[in-house]
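Step one of this worksheet: look at the structure below.
The values are calculated or read from the model by the stated rules, or taken from the named source; none is laboratory data. Because the structure is predicted, anything quoted here is derived from the model rather than measured. Don't worry about glycine lacking a Cβ; one is built from the backbone with ideal geometry, like all the others, and counts go over all protein chains shown. Accessible surface is based on the protein model in full, side chains and every heavy atom, while ligands, DNA and RNA are left aside. Shrake-Rupley method; radii C 1.70, N 1.55, O 1.52, S 1.80 Å.
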Amino acid sequence: MKNKKSGKLKHFTRNLIYTLKNPLTYLWIVLIIIVAITTVAVYKTETQTESGITTVFDSIWFTMVTVFAGYYDYCVQSFGGRMAAFIQLLIGMAILSVITGKVASVFMELQMKKDKGLKRLKNMKGHFLLCGWRPGFEKILDSVLNSNPDITPDMIVLINESPEQIEQLRQESRFKEINYVAGDFSDDAVLKRAHIEDAIRALVISDRSKKYSDLEIDSRTVLSVLTMEGINPGLYTAAELIDSKFQKHLEMAHCDEIILTQDYEHSLLATASSGMGYSNVIRALIGDDADTGILIGDIPSSFIGKTYADYKQSLSKEKGIIIGLLLNTGNFHERRKDALREAQKNPDVKKIVDNLKKVKELKSNQVLLTPDEDFVLLPFTKAIFVKG
């Protein structure tokens, strides 16, 4: 108790010393004294005239209206009263200018912090985080918006250390409403400013905002996913890696989707070397719109526990051609609980539970192309279609 009182006393003393050292403190004291003197002067001189000021309260009221409203509530008549009223009017104009300037300064500072990504975002929920920056970032952002029609620009939060590039990016009308948080996206304080605890998805790209080595870039990617999953275990995370040796670390961090950029590039070059036109096929399949190419579709819960053949026969041609299944989808932490809950509801419990044992051996979002007709559909399985 004594320590708390001592701490409060020290804090009060420190603030008092700072206030007494501030030159503005003495300026305010001088202004208050001048206002008090002019109030007395108005009372002494105007009570002898027909101005209407007859009491001390009238004089104080006149001063308040003159200083804060900038006009005369009474028509002063004596020379001394007019001089005092004029001084009060000048003081009021000065105070108004200071207050107006301070308010404008506060609003400008808030706007600058918002533009530079230094302000904590408000009222964000169910949003998408895009972490990192590199040359050509505008195309990545365009593709994200085109591939996710359910995401509007105001639902996207960018997190990186390139405020100048982002400020320039947001000058364009289509990116104007995108939110921005400046800082290291592997820092939990920065992520909390972006309301990560209420986000639903996050994409971490290889960050080139500074002169990091490839090793540093991948290390920061792994650290950021670990931090994100620690704050919000229900977050769906996708991360890009340069070197595949970090893949195991991301899997241990429960990253839901891992993009191995260099491996994809090498595979694409290898297929192009065959002279069979594979690269053109891949380009057609991987588009940046949500309606053509390879599409991922939800499987109705009524088909969980049934065979792949049963589901395939129920499909209409409008959905496209089914070519396989995507197993173990969704958020790592939530799918286990929901899968077991679904197994208990389904009449064919034993068959599903037996298949669920295999889920532990599966990786997140594992692709199974052209499965056997009798393959039993597990919870958290989605269908892969090709549509023109």
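With a 10 Å cut-off between alpha carbons and a GNM built on the chain, which of GLU216, GLU229, GLU197 moves the most? For the chain, modelled as a Gaussian network with Cα springs under 10 Å, the answer is GLU216. Take the Cα of TRP61, step 7 Å along the line toward its Cβ, and report every residue of the stretch 73-97 whose backbone nitrogen sits under 15 Å from that point. Under 15 Å, as judged by backbone N against the label point of TRP61, lie 73-76 of the stretch 73-97.
Measure nothing but the geometry: give the 0 to 90° angle between the long axis through the Cα atoms of 349-359 and the longest principal axis through the Cα atoms of the chain, rounded to 10°. It is inclined by approximately 80 degrees. The heavy atoms of GLU177 present about 120 square angstrom of accessible area, all protein chains included, probe 1.4 Å. Among LEU169, LEU31, the sequence by solvent-accessible area, most first, with a 1.4 Å probe is LEU31, LEU169. Output ³J(HN,Hα) for the stretch 144-151: one whole-Hz value per residue in order, computed from phi by the Karplus curve 6.51 cos²θ - 1.76 cosθ + 1.60 with θ = phi - 60°, and x for Gly and Pro. Karplus-based 3J(HN,Hα) across the stretch 144-151 equals 4, 5, 5, 7, 10, x, 7, 9 Hz.
Element breakdown for the chain at a 1.4 angstrom probe: carbon and sulfur atoms account for 61% of the accessible area.
Nearest 10 degrees, 0 to 90: what angle lies between the long axis of helix 23-46 and the longest principal axis of the chain (Cα atoms)? It is inclined by approximately 40 degrees.
Taking amide hydrogens as placed 1.01 Å from N in the peptide plane, the amide H of PHE375 sits under 5 Å from those of TYR308, ALA309, each at least 5 positions away in sequence or on another chain. With 26 Å as the limit on Cα-Cα distance, the pairs of LYS102/LYS125; LYS8/LYS102; LYS176/LYS387; LYS125/LYS176; LYS21/LYS102 that go past it are LYS102/LYS125; LYS8/LYS102; LYS176/LYS387. Shape class for the stretch 210-335: oblate, because the ratio a/c of the largest to smallest gyration tensor axis (alpha-carbon atoms, square roots of eigenvalues) is 1.5 or more and b/c is at least a/b. Whole-Hz Karplus values for the stretch 376-388 come out as 7, 6, 8, x, 6, 10, 10, 9, 10, 10, 10, 9, x Hz, taken residue by residue from phi with 6.51 cos²θ - 1.76 cosθ + 1.60 and θ = phi - 60°; glycine and proline positions read x. Computed on protein heavy atoms with a 1.4 Å probe, the accessible areas place ILE151, ILE282 in the order ILE282, ILE151, largest first. Determine the shape class of the chain: with a ≥ b ≥ c the square roots of the Cα gyration tensor eigenvalues, call it rounded for a/c under 1.5, and otherwise prolate if a/b is greater than b/c, oblate otherwise. It is prolate, given that a/c is not under 1.5 and a/b is the larger ratio.
Every helix of 4 or more DSSP H residues in the chain counts as -39500 (n - 2.57), and over all residues that averages to -15500 deg cm²/dmol at 222 nm.
Comparing mean-square fluctuations of GLN48, GLN88, GLN366 from a GNM of the chain with C-alpha springs under 10 Å, the top value falls on GLN48.
The slack between ILE200 and ASP372, meaning 0.36 nm per residue of separation minus the straight C-alpha distance, is 58.6 nm.
What fraction, in whole percent, of alpha-carbon pairs in the stretch 190-272 exceed 19 Å separation? The calculated P(r) of the stretch 190-272 puts 39 percent of pairs beyond 19 Å.
Residues whose amide H falls under 5 Å from that of ALA239, counting only those 5 or more places apart or on a different chain, are VAL204, GLU257, ILE258, ILE259, with hydrogens built in the peptide plane. Site pair VAL103 and LEU24 shows an inter-label distance of 1.6 nm when each label is modelled 7 Å from Cα along Cα→Cβ. Remark: the stretch 301-317, residue by residue, has Karplus-estimated 3J(HN,Hα) of 4, 5, 9, 5, x, 9, 8, 4, 4, 4, 5, 4, 5, 7, 7, 9, 5 Hz, where x stands for each Gly or Pro and the curve is 6.51 cos²θ - 1.76 cosθ + 1.60 at θ = phi - 60°.
Modelled label positions at LEU31 and SER302, each set 7 Å beyond Cα in the direction of Cβ, lie 7.5 nm from each other.
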